[in-house]
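Here the structure is laid out as structure tokens; the discussion comes afterwards.
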Amino acid sequence: MDFALTEEQSAIFDMARDFGAEHIAPHARTWEAEGTIPKALWPKLAELGFGGLYVSEERGGTGLSRLDATLVFEALSQSCVSVAAFLSIHNMCARMIDAYGTDALKDRMLPKALSMETVLSYCLTEPGSGSDAAALKTRAARDNSGYLLTGTKAFISGGGYSDAYIVMARTSDDGPKGISAIVVEDGAAGLSFGGLEDKMGWRSQPTRQVQMDDCPAPAENLLGEEGQGFKYAMAGLDGGRLNIAACSIGAAQSALDQTVAYMAERRAFGQSIDQFQGLQFRLADMEIALQSARTFLRQAAWKLDTGAPDATKFCAMAKKLCTETGSTVADQCLQLHGGYGYLADYGIEKIVRDLRVHQILEGTNEIMRLITARHMIQ
Ligand SMILES: Cc1cc2nc3c(=O)[nH]c(=O)nc-3n(C[C@H](O)[C@H](O)[C@H](O)COP(=O)(O)OP(=O)(O)OC[C@H]3O[C@@H](n4cnc5c(N)ncnc54)[C@H](O)[C@@H]3O)c2cc1C
């Protein structure tokens, strides 16, 4: 057993961290205020191979392991969680197309997705079904050339911004086995979007409803087999959960690093505040919490990479642990900045806001416990 990162893994982490510091961090607040991420950013990330992190090399992807990919998200989140998390969603979709798409679809969509000339969104949630995702109602009716989709998807990251949407839709009434995954391309007839959601965090990412009214998708846009879409959607989420967990750890680490530096400068009662033992203990507790969550995350990623039978359980456990740890640490960092932590200029309040949603999406943390418990008692 070896807990050290290899030289190559350290290089991947450093490359992502340095890119973020130069190209993302200086603009993160402006993008948040504008409610959008400039599309020109994505091809620059793609030049580093981040447009298809775990798309196979034979298809032009980077072919990284899931563990390696968590390093990218941990490092990028030190600059902006919202940007890093959007990249995770794009990568989840690119992987689904690579894994299950027809050759025609891969030929047509993957090159531009890998260069990030186009970005991709994932559409599972509906207004009436979130945690109970298999209760979705969007329908995909067969017609001569493919499918006509009708229904509404809620909370879609990149809604009205992305170039294509992987839509989980019902091709029969057979519960989860009646769900198929179909790619709907921007500009399709009958595709429209709701208004921009006004959110607590992840504000630079546009979130909208995606509405389909007899929206056509050619037959080649079906991923894999009809009726298997829910399985593909859930498989995508195992890795997505690792990435979200990594985003929480990376951003919380950045908050902690800033807090240690701030405490050395800030004086109270005749000394810098890092000299109060009570506060030193809080720093130590945060360090212990973050380091242990990170180690657990990497173990879960290793389980997914090696196809361990309990990988899904470990991904769920890591998602819950890391997202809660990340939020607790970020909130404590805000507290240790006193009133300044509450000001946008110091960057900590943005981290607190951005991390909160990680306990809700990619499956809520209640659902993570449900998955864990089910594996324990079956
Ligand atoms: C900013 C943002 C971006 C998002 N991006 C996307 C996206 O790109 N694509 C996408 O498909 N979705 C996206 N989502 C949706 C997200 O995945 C859902 O919000 C999430 O799955 C929860 O569903 P819900 O909001 O309907 O809550 P509900 O399912 O209604 O849950 C409400 C509460 O009940 C709890 N609960 C529900 N069932 C159980 C149970 N069986 N046992 C115990 N507790 C339970 C939940 O944990 C929660 O606390 C996004 C959400 C947000 C906020």
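Read the figures in this text as sums done on the coordinates, not as results from a lab. The structure presented is a predicted model; accordingly, all values stated were derived computationally and were not measured. Here the Cβ positions follow ideal geometry from the backbone for every residue, glycine too, while neighbour counts run over all protein chains shown.
Could you point to the residue in His27, Tyr54, Gly229 farthest towards the positive end of the chain's charge dipole, with +1 and -1 charges on the Cβ of Lys/Arg and Asp/Glu respectively?
My answer, from the dipole projection, is Gly229.
Which residue, chosen from Ser180, Pro111, Gly339, occupies the Cα position most advanced towards the positive end of the dipole of the chain, where the dipole is computed from +1 (Lys, Arg) and -1 (Asp, Glu) charges on Cβ about the Cα centre?
Gly339
For the range 221-278, what is the Kirkwood hydrodynamic radius in Å, using each pair of distinct C-alpha atoms?
Result for the range 221-278, one decimal place: 15.2 Å.
Give the distance, in whole Å, between the Cα centre of the range 50-98 and the Cα centre of the range 151-180.
21 Å
Going by how many other Cβ atoms sit within 10 Å of their own, how do Met286, Met15 line up, fewest first?
Met15, Met286
Would you mind checking which residues have amide H under 5 Å from Ser129's amide H? H placed 1.01 Å from N; only 5 or more apart, or other chain.
The list, which skips near neighbours in sequence, is empty: none.
How many angstrom separate the Cα center of the range 8-30 from the Cα center of the range 255-315?
Value for the Cα centre distance between the two parts: 20 Å.
Determine the principal axes of the Cα atoms in the range 53-114, then give the extent along each, sorted from largest to smallest and rounded to whole angstroms.
38, 20, 15
With the dipole of the range 242-378 worked out from charges on the C-beta (+1 for Lys and Arg, -1 for Asp and Glu) around the Cα centre, which of Thr312, Ala251, Ile273 lies farthest toward the positive end?
Thr312
Can you tell me what the convex hull of the Cα atoms of the range 193-253 projects to on average, as an area in nm²?
Across all orientations, the range 193-253 yields a mean hull projection of 6.4 nm².
Among Tyr342, Tyr100, rank each residue by its count of other Cβ atoms within 10 Å, from fewest to most, as a rough exposure measure.
Tyr342, Tyr100
Could you quote the convex hull projected area for the range 152-284, Cα atoms only and averaged over all directions, in nm²?
Mean projected area for the range 152-284: 11.8 nm², to one decimal.
Quote the Stokes-Einstein diffusion coefficient, in whole µm² s⁻¹, for the range 127-218, based on the Kirkwood radius over alpha carbon pairs, a temperature of 10 °C and a viscosity of 1.306 mPa s.
D, rounded to a whole number, is 117 µm²/s.
Let's see if you can work this out: charge +1 on each Lys and Arg Cβ, -1 on each Asp and Glu Cβ, no other charges. What is the dipole magnitude of the chain about its Cα centre, in debye to the nearest 20?
Around 800 debye, computed over the chain.
How far apart, in nm, are the 7 Å Cα→Cβ label points at Glu117 and Leu5?
Rounded to a tenth, the inter-label distance reads 3.3 nm.
In this model, which of Lys177/Lys320; Lys106/Lys199; Lys106/Lys137; Lys39/Lys313; Lys153/Lys350 are farther than 32 Å apart at the alpha-carbon?
Listed pairs above 32 Å: Lys106/Lys199; Lys39/Lys313.
Could you work out [θ]222 nm for the chain from helices alone, using -39500 (n - 2.57) per DSSP H run of at least four and dividing by all its residues? Round to the nearest 500 deg cm²/dmol.
After summing the helix terms and dividing by the residues of the chain, the value is -16500 deg cm²/dmol.
Based on the Kirkwood radius over alpha-carbon pairs, what value in µm²/s does the Stokes-Einstein equation return for the translational diffusion coefficient of the chain at 20 °C and 1.002 mPa s?
Translational D for this selection: 101 µm²/s.
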